Amino acid sequence: MNTVKSWGRRMSATLTWSGALMVALAAGVSVPARAADVVVGQVAPLSGVLASTGAQMVLGGKIYFDWVNAQGGVHGASIRQAVADDGYKVADTVARTRELLAKPEVVALYGFAGTANITQLLADGVLEQGGAALVAPYTGGESLRNPFNPWIFHVRAGYADETEHMVQQLTTLGMNRVAVMYQDDGFGKAGLAGVEAALAKRGLKLVVSAGYERNTDKVDDAVKAIKAADVHAVIMIAVNKPAAAFIQRYREQGGGAQLYNISVVDPTELVKLAGLKNAHGLGISQVVPYPYRPQLPVVREYQTLLKKYAPDAEVNYTSFEQFLGAKVLVEALRRAGPAPTRAKVVKALESLQSYDLGGITLGYSPTNRIGSRYVEVTVIGSNGRLMK
């Protein structure tokens, strides 16, 4: 895991500094003071059903933080990414977050995953008690946006925005019989509610909805119910493994509806697990611009740093989204000044009212935490790659 290698390099650098310090002191040489690291806490699913997504989440931030540190850091301080694994389990997210926030050097949180996971942090008052901003969570759950809470700064559009866009596209094409396959938790129910609201806006009703148990790929009942309903399209509110299982089993059993999935899946993983024959044609909503063509300055920057700091990694929507989140957070750290505090970072984020990341503009304020509502739909092509 890259995280382990990164830890090893950091430890090696620490030992090198310590050794140099001891030699210098023994020789009576004065050593310049080094600014303390600025620590950013990240809880990510590095194991379990979302492990491949978690790895991309960590990578997207790491390549930008590495570059910033190579330029001298922020106000002379290096950014240290403290990563903990929650396995996509709600209780572990809460426990790992409490552990991070117990460390005063952690000035902000970044890039968590899971609507239910983060909703529990709010319900338990973990973020409020810690007083730290959570930047760029990998979720579009409405419960994290409404009612307003001051702690979460969203980089992505919400699931309601994504489902509205998908339903608009479907109904424009005359596909009015819609089903939903969803994860039976806060994440899945948020997406389900979004589809229902988008259909109701057009005088339509959902034909059928079918859930599956969180942290499993037990989708056989959902396949059976949806195939029997003879729908035009299926919108999946699912993560990689159960989404792939549904795609494969539904297609192999003769299901012919147009399939869509919300943005939280990795198309490479879906093709690998479901097979290209089954995954071909799947529509996936996206909440950040297309990262495969270097048309925007920020996409060029992302591709350059990915090649420099993770040469074996491929361009990926998830790592690009978290790269954008890292840029937002670093700008806030700059604006917070030397020796930033949690409160100063929150205030600095609120000052990013129209911030250009390089062709993408995000904005926050004291009364707004939703940085962007950008949505488009991509399709898995015949070669397994995403097309616009």
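Data for the structure
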{"item": "Flag for SER372 being surrounded by 13 or more Cβ atoms within 10 Å (Cβ to Cβ), over 17 Å from LEU296 (Cβ atoms) and polar (S, T, N, Q)", "result": "no"}
{"item": "Residues of the stretch 311-346 satisfying the condition of being more than 15 Å from ASP37 (Cα to Cα), more than 17 Å from the chain's Cα centre (by Cα) and open to solvent by 40 Å² or more (accessible area, probe 1.4 Å)", "result": "PRO311, ASP312, ARG335, ALA343, LYS344"}
{"item": "Pick from the stretch 145-156, criterion among the hydrophobic types (A, V, I, L, M, F, W, C) and surrounded by 24 or more Cβ atoms within 10 Å (Cβ to Cβ), ranking: farthest from the chain's Cα centre (by Cα)", "result": "PHE153"}
{"item": "Listing of strands (runs of 3 or more DSSP E) fully contained in the stretch 177-276 that carry 2 or more residues being open to solvent by 10 Å² or more (accessible area, probe 1.4 Å) and modelled with pLDDT under 95", "result": "none"}
{"item": "Of all residues making up the stretch 59-111, the number that are over 24 Å from PHE187 (Cβ atoms), open to solvent by less than 50 Å² (accessible area, probe 1.4 Å) and either among the charged types (D, E, K, R) or touching a helix residue (DSSP H, G or I) at 6+ places or on another chain (Cβ under 9 Å) (or both)", "result": "14"}
{"item": "Filter result for LYS308 (touching a residue at least 40 places away in the same chain (Cβ under 8 Å), more than 23 Å from LEU270 (Cα to Cα), more than 20 Å from the chain's Cα centre (by Cα) and part of a helix (DSSP H, G or I))", "result": "yes"}
{"item": "Residue in the stretch 103-116 that is assigned to a helix (DSSP H, G or I), more than 24 Å from ARG342 (Cβ to Cβ), within 15 Å of the chain's Cα centre (by Cα) and in contact (Cβ under 8 Å) with a residue 60 or more places away in the chain present", "result": "yes"}
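The values are calculated or read from the model by the stated rules, or taken from the named source; none is laboratory data. These numbers were taken from a predicted model, which means no experiment stands behind them. Glycine gets a Cβ as well: all are built from the backbone with ideal geometry, and neighbour counts include every protein chain shown. In case anyone asks, the SASA skips ligands and DNA or RNA and just uses the protein heavy atoms, side chains included. Shrake-Rupley method; radii C 1.70, N 1.55, O 1.52, S 1.80 Å.
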